[in-house]
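S.K.: Pasting a structure here, questions to come.
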Amino acid sequence: MTTTAVTESSTETPLVHVEGLVKHYPMRAKKRLGGRREPGADAQVVHALDGIDLQVRQGESVALIGESGCGKSTVAKVLVGLVRPTGGRVRVGGHDVVPVTTHDPAARRRVQLVSQNPWSALNRARSVKHILSQPIVLHGRASGKEAVAQRAAELLEMVGLPPEYLSRRPRDLSGGELQRVTVARALAAEPDVLILDEPTASLDVSVKATLVNLLSDLRAELGLTYVLITHELDIARHLADRVAVMYLGEIVESGSAEQVFGDPEHPYTRALLAAAPTELVIGRLHGDGLTGEVPSAIDVPTGCRFHTRCPMVAPACTTETPALQRRPDDRVVACLRIEELVGDNAPGTTTGRNLT
Ligand SMILES: Nc1ncnc2c1ncn2[C@@H]1O[C@H](COP(=O)(O)OP(=O)(O)OP(=O)(O)O)[C@@H](O)[C@H]1O
Ligand SMILES: [Mg+2]
């Protein structure tokens, strides 16, 4: 898909600037009996990301939403350097982090990841003090035993845990406490940007709200910038200023949280929101809005990738690839039929347009 800039028309330099990000995972074909691989099968790739543009300004919180497998975690992994993309560029604070031109630990330090599963993210054999001290030392945020220990205690306090927890091990902590330690560990690097990849997915309902409030407070106190990935739209509503909706490796709509949640325009966004109206858990609830399975990321549909499931599909959608277009209210949408669909007499449009 040809994309245009995905944020509002601000002239301010974005803190995180992603341009044309592509990630194709190579497929290794299964061996047939006799040890030979299917001819040509190795040439297949998984289209995890196909030209993602994203700009995140200092202090902003942007949510990436979409069904399972659309590429959200791949964006997160590229941003923190865990996955090397096939193409595209990522700049943080004006420094290139992708492609890696020079070894610049400062640019890397500025972006930290909090992932879904604290049990696998933290070293179970080590104390919380050790877990927090490692990044403090690695990123040169303090030196000397006492200063490092003091900083570790400060980090715990920031996430609402008492200093006694320094001597505990992951197995002594509850899920919510563990996720707080994961957040503290990310903060140890003193980052500007936190990538939150389903930070509450492993937590009980009662604990989720506490973590969301903590993340919200930390952002305000520390002036942090968030890229939030979540299946739970309530959480995106709480934490995000802007929302980018992904489908099969592409962004199909992006705008303010008010625009996207209050008045979705792309047929996919509408279907996604209709599929789970309240505590939306995308991809786990199925309603009238979204039918059928997501097509294979190996053999992506021609034209608009959503055309196989789109209730508004027209013949052109099967062959023409829609580019992201800026709408009058400054959001961007990639749909060939957008003018017709959101016009006054559009078929099947929502009645709740309230942002014009
Ligand atoms: N290491 C890998 N090798 C091959 N394919 C991969 C690899 N990692 C991810 N993929 C594929 O890339 C696509 C995007 O995956 P990704 O994990 O980014 O999706 P996601 O939106 O985070 O999904 P979920 O909501 O389930 O976490 C999927 O088709 C996935 O199967
Ligand atoms: Mg994921």
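S.K.: Out of Ser202, Ser254, I need the residue that is of a type in the set (Ser, Thr, Tyr), within 22 Å of Leu290 (Cβ to Cβ) and not in a helix (DSSP H, G or I). Which one? If you could, list the steps in order and put the result at the bottom.
M.R.: Values: Ser202 fails: within 22 Å of Leu290 (Cβ to Cβ).
None of the other options fit; the residue is Ser254.
S.K.: Let me ask something else about it. Assuming Asn123 fulfils every condition listed in (1) free of Cβ contacts under 8 Å to residues at least 12 places away in the same chain; (2) away from ligand 1 (no atom under 16 Å from the Cβ); (3) within 25 Å of the chain's Cα centre (by Cα) apart from one, which condition is it?
M.R.: (1)
S.K.: Tell me whether region 88-111 contains one or more residues that are in a loop (DSSP other than H, G, I, E, B) and within 17 Å of the chain's Cα centre (by Cα). It would help to see each step written out before you state the result.
M.R.: Here is the first cut: in region 88-111, the residues in a loop (DSSP other than H, G, I, E, B) are 93-94, 99-104, 110.
Narrowing the set further to residues that are within 17 Å of the chain's Cα centre (by Cα) leaves 110.
Checked region 88-111: at least one residue is in a loop (DSSP other than H, G, I, E, B) and within 17 Å of the chain's Cα centre (by Cα).
S.K.: Follow-up question, since we're still on this one. When region 144-160 is examined, which residues are found to be in contact with a Lys or Arg (Cβ under 6 Å, 6 or more places away or on another chain) and assigned to a loop (DSSP other than H, G, I, E, B)? Steps first, please.
M.R.: If we filter region 144-160 for residues that are in contact with a Lys or Arg (Cβ under 6 Å, 6 or more places away or on another chain), which is where we start, we get 152, 159.
Passing the criteria: only Val159.
S.K.: Right, Leu132: in contact (Cβ under 8 Å) with a residue 40 or more places away in the chain, under 30 Å from Gly66 (Cβ atoms) and out of contact with any His (no Cβ under 8 Å at 6 or more places or on another chain) or not?
M.R.: On the way: in contact (Cβ under 8 Å) with a residue 40 or more places away in the chain: yes; under 30 Å from Gly66 (Cβ atoms): no; out of contact with any His (no Cβ under 8 Å at 6 or more places or on another chain): yes.
Taking the combined requirement at face value, the residue does not satisfy it.
S.K.: A further question on this structure: Report every pair of residues separated by at least 6 positions or lying on different chains whose Cβ atoms are under 7 Å apart, first residue within region 74-85 and assigned to a helix (DSSP H, G or I), second within 12 Å of ligand 1 (Cβ to nearest atom) and among the acidic types (Asp, Glu).
M.R.: Once the first residue is assigned to a helix (DSSP H, G or I) and sits in region 74-85, its partners that are within 12 Å of ligand 1 (Cβ to nearest atom) and among the acidic types (Asp, Glu) give Ala76/Asp197.
S.K.: Using beta carbons and a limit of 9 Å, which pairs, at least six apart or on different chains, have the first residue in region 145-156 and without any contact (Cβ under 8 Å) to a residue 24 or more places away in the chain and the second one of a type in the set (Lys, Arg) and in a helix (DSSP H, G or I)?
M.R.: Correct list of pairs: Val148/Lys129; Ala149/Lys129; Ala153/Lys129.
S.K.: Assuming Glu279 fulfils every condition listed in (1) modelled with pLDDT under 85; (2) farther than 19 Å from Leu233 by Cβ; (3) among the charged types (D, E, K, R) apart from one, which condition is it?
M.R.: Of the numbered conditions (1) modelled with pLDDT under 85; (2) farther than 19 Å from Leu233 by Cβ; (3) among the charged types (D, E, K, R), the odd one out for Glu279 is (2).
S.K.: Further, regarding this structure: In this structure, does Val62 turn out to be of a type in the set (Val, Ile, Thr), within 16 Å of ligand 1 (Cβ to nearest atom), touching a strand residue (DSSP E or B) at 6+ places or on another chain (Cβ under 9 Å) and assigned to a strand (DSSP E or B)? Walk me through it before giving the result.
M.R.: Details: of a type in the set (Val, Ile, Thr): yes; within 16 Å of ligand 1 (Cβ to nearest atom): yes; touching a strand residue (DSSP E or B) at 6+ places or on another chain (Cβ under 9 Å): yes; assigned to a strand (DSSP E or B): yes.
Yes, satisfied.
The values are calculated or read from the model by the stated rules, or taken from the named source; none is laboratory data. Owing to the predicted nature of the structure, the values given are computational and were not obtained by experimental measurement. No Cβ is skipped: glycine too gets one built from the backbone with ideal geometry, and neighbour counts run over all protein chains shown.
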